[in-house]
């Protein structure tokens, strides 16, 4: 009888295993504060980008390099242009997620000036060129009057990713490096670095 | 206590109910149709079929990974590179997190067979998803934040897969089940396994090119070394790849080359069932199936790229494209890393099922009131057992159908300008087997420029 009970149990388990995947799933959407930390997985996300631009802009504004620059350049504010940030990771990352906010924080501090990056210049030049033909004389913009940048923001994102043999634990480390380099002399005037480390562990199942 | 008749009925019911999921489904028919499309190079038809709501529903949540893989590879064959990357990214993200069966999956695979589980990628598929994306990015000329991302993913994944399967086989060997399985199977199936996971040579070649063009000399050099190691491992499997053709890829200067040709051909392996048994164990007999890789065809012995000026009939360059990878051989070798675990699980499951049927038959037989009834129960048990085992013990034959069979590659330097390129596939004696269409390319000036031509012939 016990053996037959076991057989019945096996059958029930088999049936349950076949039926289980058919259970329905629903999805709920709710609106949250953009500053809320939501880690869906271990990859670089919005919270990490925020951590990077906040850390970078705080550091860049806290250090003395802006005062030093102004002192050495008759009180002039440094003019910055955003250059490429190399993605040296195994993930698709949009560096604009933090460079845009970094630009904004720096500009809004009133201590630096910022000129359009290379990608945006084409549109501006095209508009100016069109304006020579179509704008009224009073509003027509002068050609070749662009502001030259003093410093270029360059950087890279590096990653070390390690996975346990069973694949259940993943350690993901990112290092975002930004630096401001004097375009004329190649001298670096500021270097910032922000690290992000995440450990993802799969449980249960 | 049930009567003997009830025991007979129970035995049959149990067998039939468990055998039901093993029936052929529309999903199986779709897989066959896709294979037929692949064999005829009908990728547009394959895309149309895969995109129908009915087929999407048939694949469902359980086989969505397989759908992404198939649809992504079909998109590559149709030159739909942005879509290919989008779909293959979904597959890659899924594989990254869903590598292991859940408790419910394991229960279902232990009770019935491996086909009950959602589809988890084989190790070779895990690797080729990055190789195809790498190719798609290069074709679109997206080196940074595109090809280089895939190159890093591929290297990281290959390292982990190699470590994982070395560890897995070592762990298995220490388990008493391993020795039991070896002695039960004898020479029928090779359980003890030698060799190691092979990183895709095509993938490492493309990685070296991507790193070279992104200016990362260090990684280019490493990829070049890894390519040679992968080729040497591949050579031990009797392929025609010659490492001499790829000696300097790690040291090339970005200004040395500006044109990449990739000639894919043939069809990758599919899985077919290998019936094992009867294996006598104690008082019962075991039958089961294991998945075995069956090579697709790969007719081209060599390939070459022919370059001409637009509108001209005279070629200005005929560039030989050496074989870099036989994907069929590498896939099979890497699948062998997974076979010991599959074999042992299948043997244990089939043994448990056979034992359960034997016990059920014995219980029924003992409870029978007459000799005739006992004989009847015994016959019913044997027949039911065979039916039960042969219908439920089905190998999991799901696999990525639309993989190519082999890859020939080449790098060249052309003067900046517009050209037309055609890839030609040649037989052993050098006869033309197939010529792709003339494809326009533009070679941009500058050391970082790279123009990529990808051709695919399915024979």
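Using just its DSSP H runs of length 4 or more, each adding -39500 (n - 2.57), the protein assembly as shown gives a mean residue ellipticity at 222 nm of -15000 deg cm²/dmol after division by all residues. Normalised Debye scattering of segment A:81-124 at q = 0.17, 0.19, 0.20, 0.24 Å⁻¹ gives log10 I(q)/I(0) of -0.57, -0.69, -0.74, -0.93, counting only Cα atoms as equal scatterers and leaving out solvent.
Using only the alpha carbons of the protein assembly as shown, what is the convex hull's orientation-averaged projected area in square nanometres? Numbers along the way, then the final one.
On the way: hull surface 154.9 nm².
Taking the Cα atoms of the protein assembly as shown, their convex hull projects to 38.7 nm² on average.
The Cα center of segment B:192-235 and the Cα center of segment A:36-114 differ in position by 36 Å.
Could you please tell me the mean projected area of the C-alpha convex hull for segment A:50-167, averaged over all directions and given in square nanometres to one decimal? Don't skip to the answer; put the middle values down first.
Details: hull surface 42.9 nm².
With every direction weighted equally, the projected area is 10.7 nm².
Counting only Cα atoms, the size of chain B along its three principal axes is 94, 45, 42 Å, in decreasing order.
When Rg and the Kirkwood Rh are both derived from Cα coordinates, the Rg/Rh ratio for segment B:31-108 amounts to 1.02.
Per the Debye formula on identical point scatterers at the alpha carbon atoms of segment B:290-390, with no solvent, log10 I(q)/I(0) at q = 0.12, 0.14, 0.22 Å⁻¹ is -0.68, -0.78, -1.09. Centre-to-centre, using Cα atoms only, segment B:149-182 and segment B:71-142 are separated by 19 Å. No solvent, one uniform scatterer per C-alpha: report log10 I(q)/I(0) for segment B:254-341 via the Debye equation at q = 0.13, 0.16, 0.21, 0.26 1/Å, two decimals. Debye output, listed in q order: -0.68, -0.84, -1.07, -1.26. Size descriptor for segment A:57-111, Kirkwood hydrodynamic radius: 12.9 Å (Cα pairs only, one decimal).
Percent of Cα pairs in segment B:132-182 per distance bin of 5 Å, from zero to the largest separation: 5, 19, 16, 11, 10, 9, 8, 8, 7, 5, 1. Taking Cα atoms only, the orientation of helix B:339-367 departs from the longest principal axis of chain B by about 20 degrees.
Mean 1/r over all different Cα pairs, inverted: what Kirkwood radius does chain A give, in Å? Don't jump to the answer; show the numbers that get you there.
On the way: mean 1/r = 0.0459 Å⁻¹.
Mean inverse Cα-Cα distance, inverted, gives 21.8 Å.
Between residue B:159 and residue B:251, the C-beta separation translates, for a Förster distance of 22 Å, into a calculated FRET efficiency of about 0.45.
Across peptide B:352-363, the mean count of Cβ atoms from other chains lying within 10 Å of each residue's own Cβ comes to 2. Relative contact order, whole percent, for chain B stands at 22, derived from Cα pairs under 8 Å and 6 or more residues apart. For segment B:391-449, taking Cα atoms only, Rg and Dmax work out to 19.6, 63 Å respectively.
Output the relative contact order of segment B:34-174, whole-number percent, from Cα pairs under 8 angstrom with separation of 6+ residues.
Numbers: 120 pairs, mean separation 26.5, N = 141.
Dividing the mean separation by the residue count of segment B:34-174 yields 19 percent.
Computed on the Cα atoms alone, the convex hull of segment B:184-288 gives a volume of 141 cubic angstrom per residue. Relative to the compact-globule estimate of 2.2 N^0.38 Å, the Cα radius of gyration of segment A:137-182 comes out at 2.39.
With both bridge residues required to lie in the protein assembly as shown, what share of the DSSP beta bridges run antiparallel, to the nearest 5%?
Working: 67 of 84 bridges.
Beta bridges within the protein assembly as shown, antiparallel portion: roughly 80 percent.
Which whole-number percent is the relative contact order of segment A:12-155 (Cα, under 8 Å, 6+ apart)?
Working: 107 pairs, mean separation 39.2, N = 144.
Computed value for segment A:12-155: 27 percent relative contact order.
The ranking of A:88, A:146 from fewest to most other beta carbons within 10 Å of each one's beta carbon is A:146, A:88.
Nearest 0.05, what FRET efficiency do residue B:25 and residue A:28 give at R0 = 35 Å with Cβ-Cβ as r? Don't skip to the end; give the middle numbers.
Numbers: r = 33 Å, r/R0 = 0.93.
Approximately 0.60, to the nearest 0.05.
Between 0 and 90 degrees, the angle of helix B:327-336 with respect to the longest Cα principal axis of chain B falls at about 40 degrees. Relative to the longest principal axis of the Cα atoms of chain A, helix A:96-108 runs at roughly 40 degrees.
Calculate, in nm to one decimal, what residue A:36 and residue A:124 gain on full extension: separation in residues at 0.36 nm each, minus their alpha carbon distance.
Result: 28.0 nm gained on full extension.
Sort segment B:177-236 into rounded, prolate or oblate with this rule: let a ≥ b ≥ c be the square roots of the eigenvalues of the Cα gyration tensor; rounded if a/c is under 1.5, and if a/c is not under 1.5, prolate when a/b is larger than b/c, oblate otherwise.
On the way: a/c = 4.99, a/b = 3.95, b/c = 1.26.
Judged from the Cα gyration tensor, segment B:177-236 comes out prolate (a/c at least 1.5, a/b above b/c).
Readers should treat all values here as calculations from the given coordinates under stated rules, not as data from a laboratory. Because the structure is a prediction, the values reported are computed rather than measured. When we count neighbours, we look across all protein chains shown, and the Cβ atoms used for this are built from the backbone with ideal geometry, even at glycine.
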